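Notes follow once the structure below has been shown.
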Amino acid sequence: MDEVNSTDTIKYYKVSRETYYPNELIRSPFYNNDFTKPGAVGDIFVTQQSPLVGYPGIHEFVTFFFGGHAAVIDSNNKIYETIGIPDSDEKLLDVMINGGRNTHVVGDVFNYWLDADYRDTNETDPSYLAFGNWYRNEWIGLRVKGVTQDDIDQAMAFLEDKAEKESQYNFLFVLFTRNKYYCTDMVSRAYESIQVNGKQKYNLNRDLTAVTVNDLILSKNTYISYYVTTKNNVKHVYYIG
């Protein structure tokens, strides 16, 4: 355990790196050596845990088959993501057809993945009862094998373009994919937009259907660089250093 950086609420464990990939850009695991800000530019954060904890059965189904969320870290330790949650005055069907105010790709989002105050204490909130003040109990950080600075620049340019255009969330997943994205789909397509000699360099969608969290984790083009779990409301962060 990293005694220097560990606290009462977060314990850190540096894992020695055994595999190196040719031409891969070497990056620090934490932004400006701030251990509350995990991730470097191009890192992918995913959680298997669904946000639908208030819906028994549905929550377990989504968690097992699809996963809960995915995002990409930018050079300022902010996040690109997209979330399909309509505002309270919006109707889901209308948002699915015409788009919503906030159901689109966004950037410059605060990196909340290791924020101990992400969620207010509320004993009636199903999310608080399931995850406490943290975003999720468990999550994984991924890096793309052999990724170069130029690759990362291209992936980030893809995401910036989609955020500027406010590309809408794709509730239908495998339909109307030209200009719409869901979270894991956005991540995979950012890296799949990179080409070398006219050929796609990376494939993060292992089964070539709807992109799930499992697809990103199990892709032959990614490896796990962070694993975060919670025990007795204490975060345990395992990272490759």
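The values are calculated or read from the model by the stated rules, or taken from the named source; none is laboratory data. Note that the structure is predicted; figures quoted are calculated from it, not measured. Glycine also receives a Cβ, built like all others from the backbone with ideal geometry; neighbour counts cover every protein chain displayed. When the accessible area is computed, the model is the full protein with side chains, heavy atoms only, and any ligands, DNA or RNA have been set aside. Shrake-Rupley method; radii C 1.70, N 1.55, O 1.52, S 1.80 Å.
So how exposed is Tyr227, as accessible area in Å² (1.4 Å probe, rounded to 10)?
90 Å²
Hey, what do the phi angles of region 215-229 turn into as Karplus ³J(HN,Hα) couplings, whole Hz, using 6.51/-1.76/1.60 and θ = phi - 60°, x for Gly and Pro?
Once θ is set to phi - 60°, the couplings for region 215-229 become 4, 5, 5, 8, 4, 5, 9, 10, 9, 7, 10, 9, 9, 10, 9 Hz.
Return the lysines within reach of Lys14: Cα separation strictly under 20 angstrom, same-chain partners fewer than 8 residues apart disregarded; answer none if there are no such residues.
Cα-Cα hits under 20 Å: Lys37, Lys145, Lys231, Lys235.
Please list, or write none, the lysines whose alpha carbon is within less than 27 Å of the alpha carbon of Lys165, excluding same-chain residues fewer than 8 places away.
Reachable lysines: Lys78, Lys91, Lys180, Lys199, Lys201.
Please give the per residue accessible area of region 98-227, computed with a probe of 1.4 Å over protein heavy atoms only, in Å².
Working: 6400 Å² over 130 residues.
Spelled out: the 1.4 Å probe surface of region 98-227, per residue, equals 49 Å².
Classify the chain: rounded, prolate or oblate, from the alpha-carbon gyration tensor (a ≥ b ≥ c, eigenvalue square roots; a/c under 1.5 rounded; otherwise prolate if a/b is larger than b/c)? Before the final figure, lay out each step's value.
Details: a/c = 1.70, a/b = 1.04, b/c = 1.63.
Cα axes put the chain in the oblate bin.
Quick one: if you stick a label point 7 Å off each Cα along the C-beta vector at Asp125 and Ile224, how many nm between them?
Distance between label points: 2.8 nm.
Between Asp108 and Asp8, what is the spin-label point distance in nm, taking each point 7 Å from the Cα along the Cα→C-beta axis?
With each label point 7 Å from Cα toward Cβ, the separation is 3.7 nm.
If you stretched the chain out fully between Lys231 and Asp150, how much longer would it get, using 0.36 nm times the residue separation minus the C-alpha to C-alpha distance?
Net length gain for the segment: 25.3 nm.
Classify region 45-147: rounded, prolate or oblate, from the alpha-carbon gyration tensor (a ≥ b ≥ c, eigenvalue square roots; a/c under 1.5 rounded; otherwise prolate if a/b is larger than b/c)? If you can, show how the numbers build up before the last one.
Working: a/c = 1.44, a/b = 1.11, b/c = 1.30.
Since a/c stays below 1.5, the shape of region 45-147 is classed as rounded.
Considering only DSSP states other than H, G, I, E and B, which trypsin sites (Lys or Arg not before Pro) in region 61-114 qualify as loop sites with at most 12 other Cβ atoms within 10 Å?
Numbers: sites: Lys78, Lys91, Arg101; in loops: Lys78, Lys91, Arg101.
Here the sparse-neighbourhood loop sites are Lys91, Arg101.
Select from Val228, Val211, Val53 the residue whose mean-square fluctuation is largest in a Gaussian network model of the chain (Cα-Cα springs shorter than 10 Å).
Per the Cα network of the chain with a 10 Å cutoff, Val53 tops the list.
Calculate, for Gln200 and Phe176, the FRET efficiency according to 1/(1 + (r/R0)^6) with r their C-beta to C-beta distance and R0 25 Å; round to the nearest 0.05.
On the way: r = 21 Å, r/R0 = 0.86.
Plugging the Cβ-Cβ distance into 1/(1 + (r/R0)^6) gives 0.70.
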